[in-house]
1. Counting Lys +1, Arg +1, Asp -1, Glu -1, what net charge surrounds T435 among other residues with beta carbon under 13 Å of its beta carbon?
2. Consider a paramagnetic label point 7 Å from the Cα of M646 along Cα→Cβ; state which residues of segment 591-620 have an amide N under 15 Å from it.
3. If each of Q225 and A47 carries a label point 7 Å out from its Cα toward its Cβ, how far apart are those two points in nm?
4. Hey, what did the chain get for relative contact order, percent, Cα under 8 Å, at least 6 apart?
5. To the nearest 10 degrees, how steep is helix 247-259 against the longest Cα principal axis of the chain, on a 0 to 90 scale?
6. Taking a temperature of 10 °C and a viscosity of 1.306 mPa s, what whole-number D in µm²/s does Stokes-Einstein yield for segment 266-423 with Rh from Kirkwood over alpha carbon pairs?
7. Quote the charge dipole size of the chain about the Cα centre in Debye, to the nearest 20; the model charges only the Cβ of Lys and Arg (+1) and of Asp and Glu (-1).
8. More than 12 angstrom separation, counting every C-alpha pair in segment 457-510; what % is that?
Amino acid sequence: MSPLHTKAMPPFSSTTPMSPLRLRLRARHSSSTSHPSRSWDPHAAFAAATERARSGNLTPEDAHNLFDELLRQGNPVLERPLNNLLAALARAPASAACSDGPALAVNLFSRISQGARRRVAHPTAYTYGILMDCCCRAHRLDLAFAFFGRLLRTGLKAGVIQVCTLLKGLCRAKRADEALDVLLHRMPELGCTPYVVAYNTVIHGFFREGQVGKACNLFHEMRQQGVTPDVVTYNSVIDALCKAKAMDKAEYFLGQMVDDGVVPDNVTYNSLIHGYSSSGHWKEAVRVFKEMTSRRVTPDVHTYNMFMTFLCKHGRSKEAAGIFDTMAMKGLKPDNVSYAILLHGYATEGCLVDMINLFNAMERDCILPDCHIFSILINAYAKSGKLDKAMLIFNEMQKQGLSPDAFTYSTVIHAFCKKGRLDDAVIKFNQMIDTGVRPDTAVYSSLIQGFCIHGDLVKAKEYVTEMMKKGMLPPDIKFFHSIMQNLCTEGRVIEAQDILDLMVHTGERPNVVTFSVLVGGYCLVRKMADASKVFDDMVSYGLEPCNIMYGILINGYCKNRRIDDGLIRFKEMLHKGLKPTTFNYNVILNGLFLAGRTVAAKEKFDEMVESGVSVCIDTYSIVLGGLCRNGCSSEAITLFRKLSAMNVKFDITIVNTIIGAFYRVERNQEAKDLFAAIPANGLVPNSVTYTIMMTNLIKEGSVEEADNLFLSMENSGCSANSYLLNHVIRRLLQKGEIVKAGNYMSKVDVKSYSLEAKTVSLLISLFSREGKYRDHIKLLPTKYQFLEEPATVE
């Protein structure tokens, strides 16, 4: 038992002073001057008050009036009516009538136990147990121990119920080690034999604290002490193991549970289903469900909710809707959680019509949507850019008496900021504060990002300052990098550079990534002098450039056709002792091929291989593609064959490159063979593959074969894009296949694409002059017969 030993607890006879739970006693005087009524029955009065407490409409004022009368009458109340009232208050949830039932119960007891001239109640051990439970619920474990000490001093015998109340309190306070000491040592000292409920409480406490080993040790200790685990014990162990994704161990305990004659229930199977489904093991979750039903354990709403959660999480909301309907067919009424799961699934997949239909169904089923459900709808419309619709839902939510929470406001504010409607965002921010909802980090981040992106750094700085004054952590450096990257992508590099001042204001120091973003931005807008200056400024700032930083700058030079400058930086990197990575070599190889310096590129590739740098699939793609673009298709095919013999696994991009290479060197059958072998290599043809194949089939005169391939493509689920259709149309027109070309032009219209400039130019070139094309212009779809000469009037 050594792993279970813990530090000693203070003695139970502690004289810890009793302090009131926030509610302080005040002198109470009766407004009546009449003599006490002899007909007043304390038991009936307490029974009526108990019912009101259970229904949530007993106010503290009424409760104190009851005790005023009790003290004035001096007619003692029996223990059961008193205990019933205190127990009802202990378990009462917060309501409009009474916000803190447990505190009120302790307060009332204090009135009849302190300073009363006549004894009007006789507390029992059960009474003290209720009061201890009240203290534990109010997170005042010190007072619970004080009541326990008073119980012992009165001479009453403490039973297992009172000790278990302390165990629950200790475990709620995440003091399971101390609870273990009470269980194993103090309970026997008090003459209480530890029983299954006490063990369950501490085992569950250890699991809550993540101490799985101690929980399992105590489970085995329990069995050694002759205490038989019950269904609660096993459920606690199995649930914790499932949450820890230890499904093999959970299954082991399930088997042991059945062997011990303990019948698994809903909780048992739900834990296992949740464990498997949250781990992505759908088939195992279904297996457990089938086992559950075969043992005649009826699935509940929670069971079905877990399956719906898995399906929606994996983009299968239509299937989740089927499970939702199954619930109703089996007589189970979907709850708010069920609706929220499916609504979120529809929202995530952009099925807004299905989402709003389901929302409307809630009203028909008399289920009131809560704040969370409204937030799902608002978030869905906001993300899809339908802000006006989102605001209608927001206003409807308020009309129904629901107050938006921090998440709801955050969603709306973020959407306004993203759309550039910063004035509206600020209005909602101010409304949020006025209604008492505390803005969180997400809200401030949205506002700061919005003002940064839309050029008001002064306002952004104000919100950063306000955030810091409220004791909130300001946005970190990754947040600012994200904004800078967005600005650079849009070509707004100077504005991105201005973000540096705001970053420094928050206490963040620019690092290599900061400068890398700016260098990449200047490279993107072809301002290589500025990119080089930022690079040099970084070195002056005391930061050493890394391989990635050099790669970004070299890539900029290569993309801007300044390969010699790129090679200079590459040599500089070597001079500084930085070993080139795969990324560095890929950049320089791509640059050399772009510049048409094939020999130098091949030498650099050989250097890369000889130096032991890892060659990845991207490297092969650059080399093979570079060779083909520079008229070395045969060489590319030879290298491809060599790599294939080495069992190198290619992606579809490389296969497309080589199919094109075969066609360029007129090895058409080998191109077709390679295309046919794509599935066998575990790859799937894409639109580029089909474009290469169809255009070359048309070129060689196999028009029907090209048409069949197009049908095959659509049947396989690969949709024709604008690039493919325009290439096919041009190739058909060039071959004089006007009717076929017209068919594909109609497909362009159906898909709402447009003809590319090259295609339009070819149409004008072919149909504007006299000849067969001009004579057959009516074979084209009507909208493309724009070159037909208008009728002349004699």
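1. 0
2. Only 602-620 fall inside the zone, counting backbone N under 15 Å.
3. It is 4.1 nm.
4. On the way: 943 pairs, mean separation 32.0, N = 794.
The normalised contact order for the chain reaches 4 percent.
5. 40 degrees
6. Values: Rh = 16.7 Å.
In µm²/s, the coefficient rounds to 95.
7. 1560 debye
8. Values: 905 of 1431 pairs.
It works out to 63 percent of all Cα pairs.
Every number here is computed from the coordinates shown, using simple stated rules; none is lab data. Values in this document were obtained by computation on a predicted structure and should not be read as measured data. Methodologically, a virtual Cβ is constructed for each residue, glycine included, from the backbone with ideal geometry; neighbour enumeration extends over all protein chains shown.
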